[in-house]
Each structure stands twice: as C-alpha cells, then as structure tokens.
1. How would the chain be classified by its alpha-carbon gyration tensor: rounded, prolate or oblate, with rounded meaning a/c under 1.5 and the a/b versus b/c comparison settling the rest?
2. With charges only on Cβ, +1 for K and R and -1 for D and E, what is the dipole size of the chain about its Cα centre, in debye, rounded to 20?
3. For the chain, with the dipole built from +1 on Lys and Arg beta-carbon atoms and -1 on Asp and Glu ones, taken about the Cα centre, which of Thr108, Leu163, Ala70 lies farthest toward the positive end?
4. May I ask you to derive the relative contact order of the chain, considering only C-alpha pairs under 8 Å and at least 6 residues apart, and to give it as an integer percent?
5. How far is it, in nm, from the label point at Arg198 to the one at Asn94 when both lie 7 Å from their Cα along the line to the Cβ?
6. Using 1/(1 + (r/R0)^6) with R0 = 45 angstrom and r between the beta carbons of Val191 and Ser153, what's the FRET efficiency to the nearest 0.05?
7. What ranking of Tyr97, Tyr14, Tyr83 comes out by heavy-atom accessible area, probe 1.4 Å, highest first?
8. Taking a ≥ b ≥ c as the square roots of the Cα gyration tensor eigenvalues, with a/c under 1.5 meaning rounded and otherwise prolate when a/b beats b/c, else oblate, which class fits the stretch 76-165?
Amino acid sequence: SLGVAENQLVYVPYGLHHEKYRVTTPVADRPRQVSMLYNPHPTKAANLGLEALVEVRRRIPDVRVVVFGAVDSIHRIPERATYLTSPAQDVIVNDIYNQSRVFINSSTLEGFGLACVEAMACGCALVTTANGGSEDYAFHGETALVCQAEDASTLADHIESLLLDDETRTRLAFRGREYVQRFDWDISAKVLEEFLERYESDPDRYR
C-alpha cells in the first residue's frame, strides 16, 4: 500500500529476547496494577491513555497505576500514580511488567509496538488501540482487548473489565504470551538470511 511491489517486499518480524522478557510472577497472583509506557510524541496519544487511567482509578480507587518513560512527563500524571523515568531493564521486567495485570497502549499509530509484546511475554493482559502495528499480535477477545484509536472511554472500560474479571484476564494473558513467542531473534535472523540468499541469486528482482 506504500508503493513497494509485492514481489520486492520481504517482511522480517521484530525479535524478542525471551530469556529476558518472561513470567517471573504468576499471572494469577498479581496485584491490581495497570502499567503504561509514556512517550510525548503526538502519535502515542499519551494524554488519552492517562485520561483512561484517571477514569479507571475513579471506578476502582485501590488500583495501582505505574507509568514509565525515557523522559520526564509533560502531561499530568494521575493522582497517586507512580511515574518512573528511564527505569532499569530489570525494574521494567520484574517490577512493572511482572507486577501488572494489565498493560495499555493508547497510540494512534504504531509501526509495531515493542513494549506491548514485551509486556505480553511477561504475562500482562494487553489493552490497546487499533493503531496499525498492533494488528501483528493484538486480536480482540483472543490475545488482547482492542478499541478504536482516540477512544479513551472504551479504553477505560476494557482496562476495568480485565482488572475485575480474572478469568478473562488470565485467558488473554496466557494466549497473548503464547502468541508472542513467535517474535524471536533466531526466527527473524533465519528469515533475513534466507532473503539475502535469494537476493544474491536474483538481485534484479529486488532492485
């Protein structure tokens, strides 16, 4: 759709280090916590994610909210939420992903959405917008709950439902974790190597 001829196009999936991004806290035993990666870029629609989290906290006052990002937030963080700037990777894996029941993504546009896949590999149930990149792994009612972009109200509804419904949450978390195992660096390297061999034998095909 962006103008590349189909016979010249090769898709190499993004990989994940599964020995690092893994379940360390049992999915069923997690506190009532929801987390979100913060990015101030307009396409990330952080304001909508934060709006949804404020609404969820209004409905479920004891929910823990953890937001983290590479930079300090320029948006207002929900009251009593925790904001972490550039947390260490072991903190992200063990204290954020593995302590969260739900991970959310509010972007209007994603090329992939790596943090979503990291969180899923760590046993989070994913709530995300339909942002393009999420189509690779977020299938509504199967591996995640998905809503339209810029719909903070439905985003909040989905978060609330998974925080309160352990059966659905654990089902989505397990299915999501199983699905993202396919995003593996060894598999991606094999796909790339096979393409390079095809290219070497017929470079004119790919120009």
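The values are calculated or read from the model by the stated rules, or taken from the named source; none is laboratory data. Here the structure is a predicted model, which is why all the values come from computation and not from measurement. Using ideal geometry, Cβ is built from the backbone for each residue, glycine included, and neighbour counts are taken over all protein chains shown. Remember, those area values only see protein heavy atoms, side chains included, never the ligands or the DNA or RNA. Shrake-Rupley method; radii C 1.70, N 1.55, O 1.52, S 1.80 Å.
1. It comes out prolate by the Cα gyration axes.
2. Its charge dipole is roughly 660 debye.
3. The residue sitting farthest along the positive end of the dipole is Leu163.
4. Values: 368 pairs, mean separation 53.8, N = 207.
Computed over the chain, the figure is 26 percent.
5. Taking the simple label geometry, Arg198 and Asn94 are separated by 4.3 nm.
6. For Val191 and Ser153, the calculated efficiency is 0.70.
7. Working: Tyr97 0, Tyr14 105, Tyr83 55 Å².
Result, largest first: Tyr14, Tyr83, Tyr97.
8. Rounded shape, in that the Cα axes give a/c under 1.5.
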